[in-house]
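Undergrad: Take a look at the following structure, please.
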Amino acid sequence: MLRIGVLASGGGTDLQSILDACESGQIDGKVVIVISNVVDAGALKRASEFDAKAVFLDHRGKSRGAHEREISKELDAAKVDLVVLAGYLRMLGYDFVNKYKNKIINIHPALLPKYGGKGMHGINVHRAVLKSGDSESGCSVHFVTEDVDGGPIIARMRVPVKPEDTPESLQARVLKAEHLLLPMVIRWIAQGKVCPENVRTVDMPQT
């Protein structure tokens, strides 16, 4: 059984998709701990409802290294096999990323390598997609490296961009795809079907 630790800063809908997939048996695993840097994050409430340890770790007034050592201590105590960034809105440092090399993944709301990097999170991504005039967008799950949004891409799922779209309507459509793609990739990892040293990106059709 895959022991999963999740880092999240917001409401936790991506987290919920993982919890549901574990509960239904789609993933042979369990979310054992959820860590947030936001005290009232909805993700912490969702964790508690599914009997996962919910931990608030405030990053304010600490160096990045000190904060990440706190996170690492909690993850190690929970004996996690996989760390999932599900809407975690802080960049992670070199030491942390390399400690969990090939064991940490992120969900990004665009078709990487497009629209990745510093500042490309949340609604900013969808504004950039619409401004570009692209006919499709989507989401990507990738291994996390020290290069922000630059790690090997495990899978992408495409969604159409509609003429009438606003950043908010596109965001909602991409989020639905995230809830399908993220549990799917975690299931593959639990089944040993993903090789971190030789990742072959799986492209899913438009939803």
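Bear in mind these aren't lab numbers, they're just calculated from the coordinates by the rules spelled out. Quick caveat, the model's predicted, so the values are computed rather than measured. Ideal geometry is used to build each Cβ from the backbone, glycine not excepted, and the neighbour counts take in all protein chains shown.
Undergrad: Please identify which residues in region 7-22 have an amide N closer than 13 Å to a label point set 7 Å out from the Cα of LYS176, following the Cα→Cβ vector.
TA: none
Undergrad: Only Lys, Arg, Asp and Glu count, each charged at its Cβ (+1, +1, -1, -1), so figure out the dipole size of the chain about its Cα centre, rounded to 20 debye.
TA: 260
Undergrad: Another question, if that's okay. How high is the FRET efficiency from LYS73 to SER24, r the C-beta distance, R0 41 Å, rounded to 0.05?
TA: 0.85
Undergrad: For the chain, what does the helix formula give at 222 nm: sum of -39500 (n - 2.57) over DSSP H segments with n ≥ 4, over the residue count, nearest 500 deg cm²/dmol?
TA: Result for the chain, helices only: -11000 deg cm²/dmol.
Undergrad: Taking the radius of gyration and the Kirkwood hydrodynamic radius from Cα positions alone, what is the Rg/Rh ratio for region 1-100, to two decimal places?
TA: For region 1-100, the value is 0.95.
Undergrad: Something else now. Tell me which of ALA21, VAL83, ASN37 sits at the most positive position along the dipole axis of region 1-100, charges placed on C-beta atoms (Lys, Arg +1; Asp, Glu -1).
TA: Sorting the options by dipole projection puts first ASN37.
Undergrad: So which lysines can LYS118 reach, going by Cα to Cα under 19 Å and dropping same-chain residues fewer than 8 places off?
TA: Straight-line reach from LYS118, under 19 Å: LYS131.
Undergrad: Kindly provide the Kirkwood hydrodynamic radius of region 66-164 in Å, to one decimal, from all pairs of distinct alpha carbon atoms.
TA: Hydrodynamic radius (Kirkwood, Cα pairs) of region 66-164 is 14.5 Å.
Undergrad: Could I ask something else about it? So, by mean Cβ neighbours within 10 angstrom, what's the order for 9-21, 75-87 with the highest one leading?
TA: Ranked from most to least packed, the peptides come out as 9-21, 75-87.
Undergrad: At a threshold of 8 angstrom on Cα-Cα distance, excluding pairs fewer than six apart, so keeping six or more, what relative contact order does region 1-100 reach in percent?
TA: Here the relative contact order equals 37 percent.
Undergrad: Please rank SER140, SER24, SER72, SER132, fewest neighbouring Cβ atoms within 10 Å first, as an exposure proxy.
TA: Final ranking by Cβ density, sparse to dense: SER24, SER132, SER72, SER140.
Undergrad: Nearest 10 degrees, 0 to 90: what angle lies between the long axis of helix 13-24 and the longest principal axis of the chain (Cα atoms)?
TA: Approximately 70 degrees, to the nearest 10.
Undergrad: Arranged from highest to lowest average of other beta-carbon atoms within 10 Å per residue, in what order do the peptides 109-116, 157-164 appear?
TA: Highest-to-lowest ranking by the protection proxy: 109-116, 157-164.
Undergrad: Under 8 Å for C-alpha pairs, at least 6 residues apart: give me the relative contact order for the chain, rounded to a whole percent.
TA: The value is 20 percent.
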